[in-house]
Structures are given as C-alpha cells and as structure tokens.
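Okay, so here's the structure we're looking at.
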Amino acid sequence: MVLKWLCYCLVSFVILSAPAFAQNTGGVFPPTVDEGHRSVQYRAAIDPENSAGDIGFAQRLHYQQAINDDFMWRVLGQTRRTNDDDIDFDFIGAELFWEFSDNADNYKHGVRFDARIRGDNRGEQLGFNWIHQWNLDNGWSARALLLTSLQVGDNSVDGVNVQTRTRIAKRLNNGPTIGLENYSNYGNTGNFRQLSEQSHTIGPFASMPVGHGFSVFGGPLFGLTNSSPDIEARLWVTRGF
C-alpha cells in the first residue's frame, strides 16, 4: 500500500511538471558516515508557481557508498524542465564526505567536497561544506551546515556563493522522524544580495522507513523573502542495500 502511494506521488510530480527554473532538491545532510553503507536515492521538487508564473519541477538521482567509517563517496545527476526542453540537463557531480567524529560522540562534525559539471553554458562548480550535528536527549537532534561554492571555467561568476542550512528533528518511538528545516542562500561574495533579494525558506518534514530497505522523506518549504518561492513540495525515496 505504501509503495503504491509512493508511485502515485512520483507520477503526479512528473505529470504536473512544466517549464522550470530552480527548485530546491538539496538537503540538510548529516556528517555521519556508517561503514558498509550503500544506497540509491531519487529526489523530486515542485514549485507550483515559480518566478516566471510556471509550475517548476526538478529531479535528482544519487548513488552513495561508504569507503570506511570516515569517508563516503557519492555520484549524482539532476534534470529540470525549462522553456527549451521537457527534460533539460542541469548537472552531474561527485561528492566526498569526511567525518571527523567518533561513533560514540554526541557532537558530530565533518566536511563534504563537491564538484559539478553544469549545463546551459554555466561555469563548473567546486564546493566545500562544513557539517555539524548534535544528538540531544529523548530522540532530538540538531544540524547546522555552512555551504560554500565557487565557479570555474568558461562563463564562471567571480566570488564565493554562501549558504546555510539548519534542522531540528525528533525521532519518534515508532520509527518516523519529524522536524523543521531552514535553507538560506545569501548570494555571492562578489555581489552580496540585499535581504529581500536573498532566498530564505523554512518548512516541516517527515521521514520514515517503509520496509524492504525503502524509506521516504517529504514536506513543503515556505518562502520568507520576496525572492524566495512561496511554496515548494519535496519528495525523496531512498533504497538501502
């Protein structure tokens, strides 16, 4: 029954999709690396009415695998709907996670290195991200991320893009995790935006295992500034091995 519902949701995302620009398929990712971990993940994000007045849609596919209990690599690719194509290449990328903390630590931290090749004649992108997580009492946890990236190659933009992401979550006794996430994009150090021109969103989420190695994550994001989307819907499906 749950898998049927997931299939219905994914089909609905695709049917509703129309020309798009930028939807948030990112996450407030943890610093932890579990030895032996392998998983594949599908992500979809929809903006019912983006800045051009269209319905926006983006989708992403990940594969990740731990090297040991400190390092994990990931490859990913993303497409989006644009005015030029129903399925337009957005980017492909590779990421390396490096956890600094021990398994028993309540405060966990690490970094992630990113490299992306992007479409639409945009500069390629290199990223460095600093990740923090606090495991609190009674199933509560908190995360705070600082994300930085710069463009290289033809058509690159000068400066470093700066973002932050935060999350507070509660793991329930029967398995699901619920919480609140915030995404903030401050712009580029070459030309920092005013607050009204920055993108700041916030919204609740729920995540739960559904059996046979599958788990789902979903929730809306609501815009806090004039330059943020009014609302975005997100759905992730993960299969662990």
Notebook entry, point to check: HN-Hα J couplings of segment 146-162 from phi, Karplus 6.51/-1.76/1.60, θ = phi - 60°, integer Hz, Gly and Pro as x?
Noted result: 10, 10, 10, 8, 9, 9, 9, x, 4, 6, 7, 9, 5, x, 10, 7, 10
Note to self: I want the local charge near G110. Using Cβ-Cβ distances under 13 Å, sum +1 for each Lys or Arg and -1 for each Asp or Glu among the other residues.
What the structure shows: -4
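In percent, how large is the relative contact order of the chain, given Cα pairs closer than 8 Å and 6 or more residues apart?
Working: 670 pairs, mean separation 36.7, N = 241.
So the answer I get is 15 percent.
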Checklist line | Local net charge near I46, Cβ-Cβ under 9 Å (Lys/Arg +1, Asp/Glu -1) | finding: -1
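Based solely on its DSSP helices, what 222 nm [θ] is calculated for the chain when runs of n ≥ 4 H residues each add -39,500 (n - 2.57) and the sum is averaged over all residues, nearest 500 deg cm²/dmol? If you can, show how the numbers build up before the last one.
Details: 1 runs with 15 residues, N = 241.
For the chain, the value works out to -2000 deg cm²/dmol.
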Next item on the list: Could you work out the local net charge near M208, counting Lys and Arg as +1, Asp and Glu as -1, over the other residues with Cβ closer than 15 Å to its Cβ?
Entry: +4
Item checked: Amide H contacts of S228 (H built 1.01 Å from N, under 5 Å, at least 5 apart or other chain) -> H200
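So if R0 is 25 Å, what FRET efficiency would N121 and Y63 give, r being the distance between their Cβ atoms, rounded to the nearest 0.05?
Working: r = 27 Å, r/R0 = 1.08.
E between N121 and Y63, to the nearest 0.05, is 0.40.
Rule-based calculations on the coordinates, nothing more; no lab input. Just so you know, these numbers come straight off a predicted model, no measurement behind them. When we count neighbours, we look across all protein chains shown, and the Cβ atoms used for this are built from the backbone with ideal geometry, even at glycine.
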